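Quick notes on the structure that follows.
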Amino acid sequence: LETVLDAAGQSRSVKLMHPNALMQGFTIRGGHADRGAGVYLDGGGQVENCVVTDNVATEEGGGVYCNGGGTVRNTLVFRNSAALAGGISCVSGGTVESCTIAANAAADRAGGLSCDDGGTIINTIVYHNTALNDPNLSNAGSGYAYDYCCTLPLVAIGQGNTADDPVFSDAAADNYRLAAGSPCVDAGLDQDWMTGTADLDGNPRSVAAAVDMGAY
């Protein structure tokens, strides 16, 4: 994305502190913080059609930290790191939908995504992340919903999920679009909010009621 917020390794991050706050169309990189080195959502707010990359949290949520709610939508979260939840951490709720979470790392658990005490994950790819425990997804809490998503190992709850490799076009070149033949193509759930909206590339989110998993 053309508009870049680059903290250049300094102790800075984007903080959304209002339930109606919206951040849309930015690349957010180079942030350092204890939690939410890329974006910190406190009590709500929404991150939409963004790229969150190369942020480092000393504690939790290298890319995004959702504290008490908030939504991350149509967003690519990659190459972030933290002690816990290198990509996204949802604490006491939060929604992650139509996102791609890949190549993040955690020293302890949840290299990609952690949901503690609730949360909703839908149409999202959480793959090729690393951690000592639960390299992709950690669900230490309870009461969370998980549907039409792709992660390994296969999650025991929800519907429409797959553990098959999403087959990115060229992850080595930071291209996390889906290649032809990906099991995530046309495998998502068409939702009301998708009408008239665009994916991370600016293409229609829903095409003839068919939706891909992930940010693209």
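The values are calculated or read from the model by the stated rules, or taken from the named source; none is laboratory data. Computed from a prediction, not measured in an experiment: that's the story for all the values here. Here the Cβ positions follow ideal geometry from the backbone for every residue, glycine too, while neighbour counts run over all protein chains shown. Ligands, DNA and RNA are stripped out before the accessible areas are found, and what is left, the full protein with its side chains, is counted by its heavy atoms. Shrake-Rupley method; radii C 1.70, N 1.55, O 1.52, S 1.80 Å.
Could you tell me which numbered condition G111 fails, if it satisfies all but one of (1) assigned to a strand (DSSP E or B); (2) closer than 19 Å to V52 by Cα; (3) small (G, A, S)?
All conditions pass for G111, except number (1).
Being over 15 Å from the mean Cα position of the chain (by Cα) and open to solvent by less than 50 Å² (accessible area, probe 1.4 Å) is the filter; apply it to region 117-144 and report the residue that is farthest from T197 (Cα to Cα).
A131
Quick check on my filter: what residues within region 84-96 are part of a strand (DSSP E or B) and open to solvent by less than 10 Å² (accessible area, probe 1.4 Å)?
Within region 84-96, I88, S89, C90, V96 qualify.
More than 30 Å from D190 (Cβ to Cβ) and either open to solvent by less than 10 Å² (accessible area, probe 1.4 Å) or touching a residue at least 24 places away in the same chain (Cβ under 8 Å) (or both): which single residue out of V56, V52, V64, V39 fits that description?
Going through V56, V52, V64, V39 in turn, just one is more than 30 Å from D190 (Cβ to Cβ) and either open to solvent by less than 10 Å² (accessible area, probe 1.4 Å) or touching a residue at least 24 places away in the same chain (Cβ under 8 Å) (or both): V56.
For region 142-153, which positions are in a loop (DSSP other than H, G, I, E, B) and over 12 Å from Y127 (Cβ atoms)?
S142, G143, Y148
Please go through (1) surrounded by fewer than 18 Cβ atoms within 10 Å (Cβ to Cβ); (2) modelled with pLDDT of 95 or more for M213 and return the number of the only condition it doesn't satisfy.
Only one criterion in (1) surrounded by fewer than 18 Cβ atoms within 10 Å (Cβ to Cβ); (2) modelled with pLDDT of 95 or more is unmet by M213, namely (1).
Looking at (1) out of contact with any Asp or Glu (no Cβ under 7 Å at 6 or more places or on another chain); (2) open to solvent by less than 10 Å² (accessible area, probe 1.4 Å); (3) within 29 Å of T3 (Cα to Cα), which is the only condition T197 fails?
(2)
Those residues that are surrounded by 15 or more Cβ atoms within 10 Å (Cβ to Cβ) and out of contact with any Pro (no Cβ under 6 Å at 6 or more places or on another chain), I need them from region 168-185; list them, please.
Within region 168-185, F168, A171, Y176, R177, L178, P183, V185 qualify.
Out of T151, T124, T197, T120, report the one residue that is closer than 16 Å to E97 by Cβ, in contact with a Leu (Cβ under 6 Å, 6 or more places away or on another chain) and among the hydroxyl-bearing types (S, T, Y).
When all the criteria are applied, what remains is T151.
Select from region 14-30 the residues that are farther than 22 Å from T124 by Cβ and either touching a His at 6+ places or on another chain (Cβ under 9 Å) or crowded, with 19+ Cβ neighbours inside 10 Å (or both) and list them in ascending order.
G30
Residues checked against (1) under 8 Å from the mean Cα position of the chain (by Cα); (2) at pLDDT 95 or above; (3) closer than 22 Å to M194 by Cα:
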site	(1), (2), (3)
T75	yes, yes, yes
A85	no, yes, no
S92	no, no, no
T100	yes, yes, yes
A105	no, yes, no
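Tell me which of these T195 doesn't satisfy, since it passes every other one: (1) of a type in the set (S, T, Y); (2) farther than 19 Å from V72 by Cβ; (3) at pLDDT 95 or above.
So T195 meets the others, but not (3).
Need the failing condition index for S81 against (1) within 14 Å of the chain's Cα centre (by Cα); (2) within 15 Å of Y40 (Cβ to Cβ); (3) free of Cβ contacts under 8 Å to residues at least 40 places away in the same chain; (4) open to solvent by 10 Å² or more (accessible area, probe 1.4 Å), just the number.
(2)
Among the listed residues L76, L5, which satisfies the condition of being surrounded by 23 or more Cβ atoms within 10 Å (Cβ to Cβ) and in contact (Cβ under 8 Å) with a residue 24 or more places away in the chain?
L76
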